[in-house]
Amino acid sequence: MPSSPTHVSPTPAVQLESVRKVYQSGDDEVVALGHASLTVASDEIVALVGPSGSGKTTLLSIAGGLLRASDGTVLVGGEDITTYDQKQLTKFRGNNVGFVFQAVNLVPFLTATENLTVVAEMNGRGGSAAKQRAHALLEQLGLGHRKRNLPDQLSGGERQRVAIGRALMNEPGLVLFDEPTSALDSKLGVQVMELIRSEIKGRQTAAIIVTHDTRMTEFADRTVEIADGELLPT
Amino acid sequence: MKLALLELRRRPGRFAVIGTALVLLVLLMLFLGNIRSGLFLGSTGAIRIHEADRYVFSEDARESILRSEVTEVGLRELERIDGVADARGFGVSLLGVQIPGESEVADGAIGGYEAAGGRLPEPPPIGQGLADEGFQDLGLSLGETVLVGPAEVPVEVIGWIDDSNYLLQNGLWVNGETWRQIQNANRPDAIIGPDEWQIALVDFAASADAAATTAAIESLIGGDALDERDAMFAIPGVPEQNATLTAVIYATGFVVALVVALFFALLTLERIGLYAVLKATGASDGTLVAGLITQAVTVALISVVFGGVLSFLLGLAVPPEVPLVATVGQTVFTLIAVVIAAVLGGLVSLRRIIRIEPASAIGAGL
Ligand SMILES: Nc1ncnc2c1ncn2[C@@H]1O[C@H](COP(=O)(O)OP(=O)(O)OP(=O)(O)O)[C@@H](O)[C@H]1O
Ligand SMILES: [Mg+2]
C-alpha cells in the first residue's frame, strides 16, 4: 500500500521479512535463500556481496518482482508484492523497478535513445516526453554524442551506461544492479560505479548493487554480506 | 508493436528468407487459383451464358447434356407449369472447326439454342453463327465462313460473343436447325430429330416458388432440374478438376502456415534473451506476442503484394492456351488465406514466449 503522508519516516524502498526461496531442480530442493530479512531505506545504496552461489541474484530478483518468494513477505516502496501474480508483477516492475543486468542486453536494432524510450513505451508512457527524458538521461550519463548510435557501435562502458539510463527511465523508486562492472576493466568499473552513485544519489532513489568485487563497496552507503542464502549480521 | 515494425525496417535482411519463401508460395497459390478459375470458367461458359433458373435434364440423362433429350412438345408442357415463365431448348456438339487460312483445326463447342435468353441474343439465321471471342486468337475474323466437323458444314460468323465456352472448347452459337444439320451430318450414329433438343432452360416467373416449381418440373420430366451451380458441376470433369486444385491451394496455404511457424519459432529461440529483458522491464506477454504477429502479418502482406505482381507478370508471359483467369475473389481469398496462415503460424510461438521467465534476464532461475 502507498505510504500515508502523515508518516514521519519515509517508507523504506525494500522490506524483506524472513524471505525464503527454494528452487526445485528435479527431485532435489535447493534452498537459495533462507529467512533473509533486509530493509533498504528510500535513498540508500546497499552493496550485496558474497561468494558465487550464495543467493545474491536470487535476493535481487525477489526484491525486484522477477521471482516470487517461497515464503516470507516482500514489500517494495511499501507495496506488498508477495502475493502478486505474473501479470501484476510485470506491471509493478514496469512502474517501480529499474534493472541493470550483468549481460547488458540492449535491444540490438535500437539506438541508444530508443533503448531508453522503448521501456517507457512498453509501460504506456511513450511520446515526446519520453524522448526528452531519454535525451536528458543520456546527456547526464555522458552519452550526448552517442544518442543515435546502435549498441554495436558503442564501447562496453558506453553500453553499460545506456543500460543504466534504461533502468532510470521510468523514474523507479528502486534500482537493482547485478554485477554491473564485472564485464568492465577495473578503471572503467570504478568510473561506472561513480556514475551509478551520482545518478542514484541525485534522484533520492534506493539501489541494491550486487558485486563480487569488494573494492566497489566503497560506493555504497552500506554493505550487506550473504553466504549460503543467509544474510550475515554486519 | 512499434518495436516489431522497427525491427522489420532496420533489419530487413533477417526477414529476406521468409519473405522470399512466402512470395513464391503466394505466387504458387495465385497461379493455382487462376488456373482453377480459368479451367472452371472455360468449362462452364456455355451454361452460365443462359442465366436460366433451372437446367432441366431428361429422365435417363443422369445430368449429362449429351445424354439428355427433350422435345419441343416437352418444352411447351414445361411452360404450362405454374411458376415457369418460359422454357428454351438447348443442345451442344463438340466438333472441329476449320478456320479459313489456318492449318490446324480448332476445337469447337457448337451450341444450338431456341430463343434469346441470358447473354444470348435472338438465334442467328440458318447457316450463320456467333463465335466466342476465343476464336479471334486462333485467327478467325468476322464475316468468314468456318467449316464444322469432318462433314465440313459451313457456318458464316456474323458476330462475337464472350465467355461462352464448354469444356474449354470455344463456343459457336447457331440456331436449332443449323445445330441439327451440323450434328446429323457429322454424327450419323446419333441423329437428332427435327423437334429435339438436349436440355431445357427454364426461367421462373417473378412470383414463382422455386422449390415447388422445381419439384413440379422434375415430376413432369422425370429427370433433374438443376440450378446454375449444380448444372456447372454436372459437367464431366469439372468437380474433379475443381476439387483437385482446391486441395492443392489449401495445401499450399498450410505450407505458408508451416513456414511462418518454423521461421518465427526459430526467431523466438534466438530472442529468448531479448524477450526476457523486455519482460523484466515491464512488457506483457500480450505485447510481445502482438509484436511477433505484427511481424508475421506484415511480412505476409508484403509477400502478397510482390507475389501478386509476379503473378500478373507471369500471366503475361504464359501462352494463351494456358487457361489463366485472375479474379478479384481469388486474389482476395489468397490475401486472406495467407494472412490467416501467417497469424496461425505466428501463434505457434505463443506458448514459448509466455514461458520465458523474466527472471532469466538477470540470470536467476536458470
Ligand atoms: N533455477 C534454479 N534451479 C535450481 N537451483 C538454482 C536455480 N537458480 C539458482 N539456483 C541455485 O541457487 C543458489 C543461489 O543462486 P544465485 O544465482 O542466487 O547465486 P549468486 O549469489 O547470484 O551466484 P553468482 O555470484 O555466481 O551469480 C545457487 O546454489 C544456485 O545453484
Ligand atoms: Mg548471480
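Remarks
- Considering (1) over 29 Å from B:Ser37 (Cα atoms); (2) surrounded by 21 or more Cβ atoms within 10 Å (Cβ to Cβ), the lone condition that B:Ala211 does not fulfil carries the number (2).
- Against the criterion of being in contact with a strand residue (DSSP E or B) (Cβ under 9 Å, 6 or more places away or on another chain) and on the phi > 0 side of the Ramachandran plot, B:Gly237 does not qualify.
- Residue within the range A:87-107 that is among the aromatic types (Phe, Trp, Tyr), open to solvent by less than 20 Å² (accessible area, probe 1.4 Å) and not in a helix (DSSP H, G or I) present: yes
- Counting only residues that are away from ligand 1 (no atom under 16 Å from the Cβ) and buried (at least 18 other Cβ atoms within 10 Å of the Cβ), the range A:8-46 holds 9 of them.
- The set of residues in the range B:214-232 being under 29 Å from the mean Cα position of the chain (by Cα), buried (at least 18 other Cβ atoms within 10 Å of the Cβ) and part of a helix (DSSP H, G or I) consists of B:Thr214, B:Ala231, B:Met232.
- With respect to (1) out of contact with any helix residue (DSSP H, G or I) (no Cβ under 7 Å at 6 or more places or on another chain); (2) at pLDDT 95 or above; (3) within 16 Å of ligand 2 (Cβ to nearest atom), the lone exception for A:Leu150 is condition (3).
- Matching residues, the range B:100-120, being in contact (Cβ under 8 Å) with a residue 12 or more places away in the chain and within 21 Å of B:Ile199 (Cα to Cα): B:Gly108, B:Ala109, B:Ile110, B:Gly111, B:Gly112, B:Tyr113, B:Glu114, B:Ala115, B:Gly117, B:Gly118, B:Arg119, B:Leu120
- Taken together, the criteria place A:Leu67 among residues that are under 26 Å from A:Glu44 (Cβ atoms), at pLDDT below 95 and crowded, with 17+ Cβ neighbours inside 10 Å.
- Listed by first and then second residue, the pairs with beta-carbon distance under 6 Å, at least 6 apart or on different chains, first residue in the range A:177-194 and more than 14 Å from every other protein chain (Cβ to nearest Cβ), second assigned to a helix (DSSP H, G or I) and within 16 Å of ligand 2 (Cβ to nearest atom), are A:Met193/A:Met216.
- Residue check for A:Leu60: within 11 Å of ligand 1 (Cβ to nearest atom) and either assigned to a helix (DSSP H, G or I) or open to solvent by less than 10 Å² (accessible area, probe 1.4 Å) (or both): yes
- A:Val46 being at pLDDT 95 or above and assigned to a strand (DSSP E or B): yes
- Those residues of the range A:80-105 which are within 11 Å of another protein chain (Cβ to nearest Cβ) and among the hydroxyl-bearing types (Ser, Thr, Tyr), in sequence order: A:Thr90
Quick grid of which residues meet (1) among the acidic types (Asp, Glu); (2) in contact with a helix residue (DSSP H, G or I) (Cβ under 7 Å, 6 or more places away or on another chain); (3) over 16 Å from B:Gly176 (Cβ atoms); (4) open to solvent by less than 60 Å² (accessible area, probe 1.4 Å):
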{"site": "B:Gly33", "(1), (2), (3), (4)": "no, yes, yes, yes"}
{"site": "B:Gly38", "(1), (2), (3), (4)": "no, no, yes, yes"}
{"site": "B:His50", "(1), (2), (3), (4)": "no, no, no, yes"}
{"site": "B:Ser58", "(1), (2), (3), (4)": "no, yes, yes, yes"}
{"site": "B:Glu69", "(1), (2), (3), (4)": "yes, no, no, no"}
{"site": "B:Val73", "(1), (2), (3), (4)": "no, no, no, no"}
{"site": "B:Ser93", "(1), (2), (3), (4)": "no, yes, no, yes"}
{"site": "B:Gln98", "(1), (2), (3), (4)": "no, no, yes, yes"}
{"site": "B:Val105", "(1), (2), (3), (4)": "no, no, yes, no"}
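- Of residues in the range B:324-366 being more than 32 Å from the chain's Cα centre (by Cα), open to solvent by 40 Å² or more (accessible area, probe 1.4 Å) and of a type in the set (Val, Ile, Thr), the one farthest from ligand 1 (Cβ to nearest atom): B:Val348
The values are calculated or read from the model by the stated rules, or taken from the named source; none is laboratory data. In this text, all values refer to a predicted model and were calculated from it rather than measured experimentally. Ideal geometry is used to build each Cβ from the backbone, glycine not excepted, and the neighbour counts take in all protein chains shown. For the accessible areas, the whole protein counts, side chains as well, though only heavy atoms, and no ligand, DNA or RNA atoms are used. Shrake-Rupley method; radii C 1.70, N 1.55, O 1.52, S 1.80 Å.
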